[in-house]
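These notes are about the structure you will find just below.
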4 protein chains.
Amino acid sequence: MTPSDLVGGEAELWHAATHHPFLDGARDGTLEGTAFSRWLVQDYHFALALSRAEGRILAHAPREDLEVLAQGIQAMVAELGWFERKAAERGLDLTTPLHPTARAYADYLQATTHEPYAVQLTVLWALERAYLEAWRTALPGAPAYREFVEHWTNDDYAAWVDALEAAASRVLAGGGEAEREAFRWVARYEQDFWQMAYTGGDG
Amino acid sequence: MTPSDLVGGEAELWHAATHHPFLDGARDGTLEGTAFSRWLVQDYHFALALSRAEGRILAHAPREDLEVLAQGIQAMVAELGWFERKAAERGLDLTTPLHPTARAYADYLQATTHEPYAVQLTVLWALERAYLEAWRTALPGAPAYREFVEHWTNDDYAAWVDALEAAASRVLAGGGEAEREAFRWVARYEQDFWQMAYTGGDG
Amino acid sequence: MTPSDLVGGEAELWHAATHHPFLDGARDGTLEGTAFSRWLVQDYHFALALSRAEGRILAHAPREDLEVLAQGIQAMVAELGWFERKAAERGLDLTTPLHPTARAYADYLQATTHEPYAVQLTVLWALERAYLEAWRTALPGAPAYREFVEHWTNDDYAAWVDALEAAASRVLAGGGEAEREAFRWVARYEQDFWQMAYTGGDG
Amino acid sequence: MTPSDLVGGEAELWHAATHHPFLDGARDGTLEGTAFSRWLVQDYHFALALSRAEGRILAHAPREDLEVLAQGIQAMVAELGWFERKAAERGLDLTTPLHPTARAYADYLQATTHEPYAVQLTVLWALERAYLEAWRTALPGAPAYREFVEHWTNDDYAAWVDALEAAASRVLAGGGEAEREAFRWVARYEQDFWQMAYTGGDG
């Protein structure tokens, strides 16, 4: 099994995970500021959970994957600072409670750190790949959102996702149903996350 | 309780953790190459365990400590590469089994990641502080070992240990017997580790 | 803070967690067999996750709580066998995938095993207390469901929940916002779980 | 690989793990009371660590192994109460600090709960099998120690170790070097533990 097999085999789910009116609105400028703010706050919470989950994933990793994972942790922690600065500029309160949709995704992440390493790495790769592809659909970004769209599609980030995909390729070579199921859950949660930000609810 | 209270309150143990004929020999050139090689191989194993333990510690950390911990992980993973290059230069086999003394210390580290965060951070700070102080006693280092002595006492590393100590100060402010006991175990294991490298056994 | 403070302080949420048309239907016989089957299958999945979470909670517990937690694990594992026999009698397929609502709750459980012990125990107590109180509203149970209603309200189970509440009282004495928030999430997930079983969806 | 392959393949280590002057002395009555007391206190600490490790192992176990593991947790927690009563009868202080040898073994146990499940189960089986076989060499036990020797060789315990061995057989069927190495460490630690109790030190 390869990363491409997963993406290709779940094409519909993957498309839904990486295309959304939220992203279209960030491209053409029609996205409501309140929806973007809601997304920013909830994604900050998720990024915090992801930093910690990456710590646990690294704790299970073989020697050869430590560099790409350490780099990811470093970048994710730097990202938290960036979120905090952007939230401050926009007057957003980052102590807003976790939305149930964001909580379910963050808890899924934590829970998968109890699964075998191949599942953990599949989850991490899939969510980063989805995030990158999703934001690419918003390029070049409407003026109000351009800075953000560029930030989440920049070359360094893309190169890191490629390195992560190379690591995922190694574990997926021996992967099976557990990895495929994890991929589907990630795709589903990605879609839910955009939807939650866009509408403010679960619907 | 402060970091200084711990160091001062266990002065004898701390001295034994940071002064050893092994280090004297690295300074004056009398250290046997076989002892140094033994140390290098076992410390590599320990560094690998420490990288993973740091991942777990970061997973438990409050927001304010994430930067110093992420930086530590990054540096420790880079250190693994450095050990591997130095081992290759010296023709050392890094697949040599873990010595019981190194295993006990590495397992202690893993086990403490199940303790409250304050204990985890105390352990991490104490071992890094001991390592830095120990290598400083070997400065400037005999020609055969100078490169190593300088590597483990450099300014970047010292600054990072200071940042870690600032984080440890925060958790130790509310610390008690559990943190003191952890400090003592670290000091004891540091001493055992030098002794193991120096003599090749437990004695 | 006491268990009663939590229940009393979140009276509306707690009522919603422990009263539901699903339970009314189990009492008066109007509950659809398909809804009950759906519940049985998803609750089996949840019970499996709960057994494992209880193992982790016990791993964090002080000496004095080990008996009540060990007893809970023993009972929960026996419960899995009971679910399997009842599912077989009814021709139900227990390999049916986890519903997103059941997954979110199960993952929440796993994720909280990374929180301090007081939060873990609060979660376990709250969910068992809610389960017992909910099934009590279905007493004596319509003939079709009587065996189940009696099983989940029996004296042994009630006595164990009381013992768990005594342990929870000890940790809640020093509890705060984290425990209150956990209590709210449990109440919310309990409500969602009945609703999911009743309607088959999230709505 | 089977359990017998491991025992047979490491016959010398296994013999040293299960035969010791400590046990001979418990059989013929020459064992010093102070050595037995030291053993009792340190084994209590180890039993506490083992209870918690069993919680973690159960959290990783497949459905089919949950019963044997839940039974083990229940029995181990009951054992803690028994140790406490025996210690009280003998006026022993169970708050005595962990001996380095007991700590190394207990931490090894905790650390292996981060390894794949097959390794975890191999460790648990190996240590229980060694414990049973060791105490059997002390049968029927000198009058002063008979109660203890009988307690740790009784039929219920032996039947449980057999059930655990059946579970271990399943995971060892796909086992390799990691399981063999774990088996060796357990055997080594068992031997160290008797020696520590017998002499009071590491020598």
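Annotations for the structure displayed:
Condition check ((1) under 29 Å from A:Ala49 (Cα atoms); (2) not polar (S, T, N, Q)) across all residues:
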position	(1), (2)
C:Tyr117	yes, yes
C:Ala138	no, yes
C:Gly176	yes, yes
C:Glu190	yes, yes
C:Gln195	yes, no
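- Residues that are crowded, with 17+ Cβ neighbours inside 10 Å and under 15 Å from the mean Cα position of the chain (by Cα), drawn from the range A:139-151: A:Phe148, A:Val149
- The lone exception for A:His114 - which of (1) assigned to a helix (DSSP H, G or I); (2) closer than 21 Å to D:His60 by Cβ it fails: (1)
- Filtering the range A:176-198 to residues that are under 24 Å from A:Pro97 (Cα atoms) and open to solvent by 20 Å² or more (accessible area, probe 1.4 Å) leaves A:Trp185, A:Arg188, A:Gln191, A:Asp192, A:Gln195, A:Tyr198.
- Failed item, numbered, when C:Ala130 is tested on (1) open to solvent by 10 Å² or more (accessible area, probe 1.4 Å); (2) in contact with a Phe, Trp or Tyr (Cβ under 9 Å, 6 or more places away or on another chain); (3) away from chain D (no Cβ under 14 Å): (1)
- Within the range A:98-120, the set of residues being more than 19 Å from the chain's Cα centre (by Cα) and away from chain C (no Cβ under 13 Å) comprises just one member, A:Pro116.
- The set of residues in the range D:70-102 being touching a residue at least 40 places away in the same chain (Cβ under 8 Å) and open to solvent by less than 30 Å² (accessible area, probe 1.4 Å) consists of D:Gly72, D:Phe83, D:Lys86, D:Ala87, D:Thr101, D:Ala102.
- Only residues that are outside any helix (DSSP H, G or I) and open to solvent by 40 Å² or more (accessible area, probe 1.4 Å) were counted in the range B:1-28, giving 3.
- Given (1) in a loop (DSSP other than H, G, I, E, B); (2) more than 13 Å from chain B (Cβ to nearest Cβ); (3) among the polar types (S, T, N, Q), index of the condition A:Thr95 fails: (2)
- Of all the residues in the range D:57-69, those that are part of a helix (DSSP H, G or I) and open to solvent by 20 Å² or more (accessible area, probe 1.4 Å) number 4.
- Put simply, of C:Gly33, C:Gly29 the only residue that is at positive phi and more than 10 Å from chain D (Cβ to nearest Cβ) is C:Gly29.
- Cβ-Cβ distances below 8 Å connect the following pairs, each with a first residue in the range A:40-64 that is more than 7 Å from chain B (Cβ to nearest Cβ) and closer than 14 Å to B:Leu50 by Cα, a second residue that is outside any helix (DSSP H, G or I) and open to solvent by 10 Å² or more (accessible area, probe 1.4 Å), and a separation of six or more residues or different chains: A:His60/D:His114.
- Checked against (1) touching a helix residue (DSSP H, G or I) at 6+ places or on another chain (Cβ under 9 Å); (2) closer than 26 Å to C:Ala61 by Cα; (3) surrounded by fewer than 18 Cβ atoms within 10 Å (Cβ to Cβ); (4) of a type in the set (Gly, Ala, Ser), B:Ala173 passes all but a single condition, namely (1).
- Taking the conditions (1) surrounded by fewer than 22 Cβ atoms within 10 Å (Cβ to Cβ); (2) within 14 Å of chain B (Cβ to nearest Cβ); (3) touching a residue at least 40 places away in the same chain (Cβ under 8 Å) in turn, D:Gly201 satisfies each one other than (3).
The values are calculated or read from the model by the stated rules, or taken from the named source; none is laboratory data. The model shown is predicted, which means the values in this text are computed figures rather than measured ones. Quick reminder, even Gly has a Cβ in these numbers, built from the backbone with ideal geometry, and neighbours come from all protein chains shown. Surface areas here come from the heavy atoms of the whole protein model, side chains and all, with no ligands, DNA or RNA. Shrake-Rupley method; radii C 1.70, N 1.55, O 1.52, S 1.80 Å.
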